[in-house]
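Have a look at the structure below, then the notes.
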Amino acid sequence: MGNCSGEREASVLGRLVVVGLNSRTAPLHLRESLFAEAPEAPDEILQALHAPDVSEGLLLATCERFDLIALARTDETPELDKAASFLLETLADYTSETSASLSSSCYCLSGKDALRHLFAVSASLDSQVVGEPQILGQVKNALRLARDNKAAGALLSGFLQASFTAAKRVRTETTIAQQAVTLAASACRLGQDIHGDPSRFSLLLIGGGDAGELLAREFLINGLASATIVHPRALRSRATALRLAEQGKSVRAEDWSDLDALLPAHDILLCGFHGQAGQEDRAFLDWQRLGEVMNKRRRKPLLILDVAEDGSVDPALRSMDGVFLYQLDDLVSVARQGRAQREAAMMDAWRILGAEMEALQQSERRRRATPAIVEFRKHVEELRQQVLDEQPDSAEQATHLLVNRLLHPVQEALREGSLSEKDEAEALQRTLRQLFGLEKPSDRG
């Protein structure tokens, strides 16, 4: 695999590596192939991260992304490349792809770029629906699973916890979260405009994805009495139904084989599915299929919300009698509050992430000084004990002796430094003044 992109940072941060794919870099069939139906699959991947090339790791798997996040053993380039290659091979083990073919659909980030990615993901700035609330809980759950499997330790947890703090600030200090709520509310308003009282119409979530689940949840919150979930992977549909049932409403998962019977029985189709592998160039709902649905509905109005990233519904269906088709971009337009406001909110969010990243890096730099501080204090304490042993009865002589022994290496460094170039000598003198609190006003500048 090629070198990961990332700004160099000699520290624990320099060891951070992310290898993954998302809805922008990989087709749906490839992302689906990473979601094994066996419930123990995430644990298997986490166990695989107990490996010589990484010291800590976690898996973030959602409908939109599949990220392996890890710490390399060191921040040296060969070790980073070995860790990245290992993570890519781990991904390939859970697909039918080779690591070579998979790499074209993956991103590889390290150091500050990897940290920026983590912060953006947690703050939902990297989501299909910016501001959607589920992702932060998904990241927290990924960390919990990794810690339960002893794959993630204190260092990796520290980066994730910092991203949670940044995400909380983004949600409370900007209007980013309102954008997702506004979009979902707009979808609900469309449903009410077409069908009236939400308690009287029915919704079918096909496939899903994070955007589909977000909108389905909003419909349930706003009065929808029940919803049906159908997905080619039975466990995925059941898991989605369980999450949505937390709203206290009736949510059931049905078999994918019953889809054609389910389509005409529902008033809102929420489509987040783009067809089976090898059929990505075909719309999931085309004119013929929907024509049969509308005949069975006797032309009763049908609202279709297409939230698949590449579109799962033929746009020509807009002209079919009784069909109201809105794609994700249409919903964004309906919810639009002004380009300037949205751009300002994004700028504010990125400013917060930048400030939180800088605070984390400053803390990391201070942490790197800790071993030297501990060593220095131990040295001074040893000198103190030596002079007390040599002059146990005279505090004055003991303190003079201690001062002389402390200052001797400092004086020798100053004398040696004076033989260096002028700029180097002056820099050493400024450093010593700073260390001993002797800076002149001009030094503080």
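Report, by residue number, each residue of the range 208-232 that is touching a residue at least 40 places away in the same chain (Cβ under 8 Å) and under 24 Å from the mean Cα position of the chain (by Cα).
Listed by number, the residues that qualify are Gly208, Gly209, Asp210, Ala211, Gly212, Glu213, Leu214, Leu215, Ala216.
Restricting the range 223-234 to residues that are at pLDDT below 85 and part of a loop (DSSP other than H, G, I, E, B), which is nearest to Gly272 (Cα to Cα)?
Per the stated criteria, the residue is Pro232.
What number goes with the only condition from (1) out of contact with any strand residue (DSSP E or B) (no Cβ under 6 Å at 6 or more places or on another chain); (2) more than 16 Å from Leu328 (Cα to Cα); (3) modelled with pLDDT under 95 that Thr165 does not pass?
Among (1) out of contact with any strand residue (DSSP E or B) (no Cβ under 6 Å at 6 or more places or on another chain); (2) more than 16 Å from Leu328 (Cα to Cα); (3) modelled with pLDDT under 95, Thr165 violates only (3).
Quick one: count up the residues across the range 142-154 that are more than 24 Å from Trp350 (Cα to Cα), part of a helix (DSSP H, G or I) and in contact (Cβ under 8 Å) with a residue 12 or more places away in the chain.
The number of residues fulfilling the criteria is 2.
Does Arg169 fit the bill of being basic (Lys, Arg) and in contact (Cβ under 8 Å) with a residue 60 or more places away in the chain?
So Arg169 fits the description; yes.
Any residue in the range 307-332 that's without any contact (Cβ under 8 Å) to a residue 24 or more places away in the chain: show its pairings with residues that are buried (at least 16 other Cβ atoms within 10 Å of the Cβ) and among the aliphatic types (A, V, I, L, M) at Cβ separation under 7 Å, as long as the two are six or more apart or on different chains.
Arg318/Leu325; Leu325/Ile304; Leu325/Val313; Leu325/Leu317
Could you check how many residues of the range 6-39 are within 19 Å of Ser163 (Cβ to Cβ) and modelled with pLDDT under 80?
The total comes to 4.
Please find, among Glu426, Glu412, Glu416, the residue that is exposed (fewer than 11 other Cβ atoms within 10 Å of the Cβ) and either without any contact (Cβ under 8 Å) to a residue 12 or more places away in the chain or touching a His at 6+ places or on another chain (Cβ under 9 Å) (or both).
Glu412
Cβ-Cβ distance below 6 Å, separation of 6 or more or different chains: which pairs start in the range 378-400 with a residue that is surrounded by fewer than 13 Cβ atoms within 10 Å (Cβ to Cβ) and end on one that is aromatic (Phe, Trp, Tyr)?
Correct list of pairs: empty, since none qualify.
The values are calculated or read from the model by the stated rules, or taken from the named source; none is laboratory data. For clarity, every value in this text was computed on a predicted model and none was experimentally measured. With ideal geometry, Cβ positions are generated from the backbone for all residues, glycine too; neighbour counts draw on all protein chains shown.
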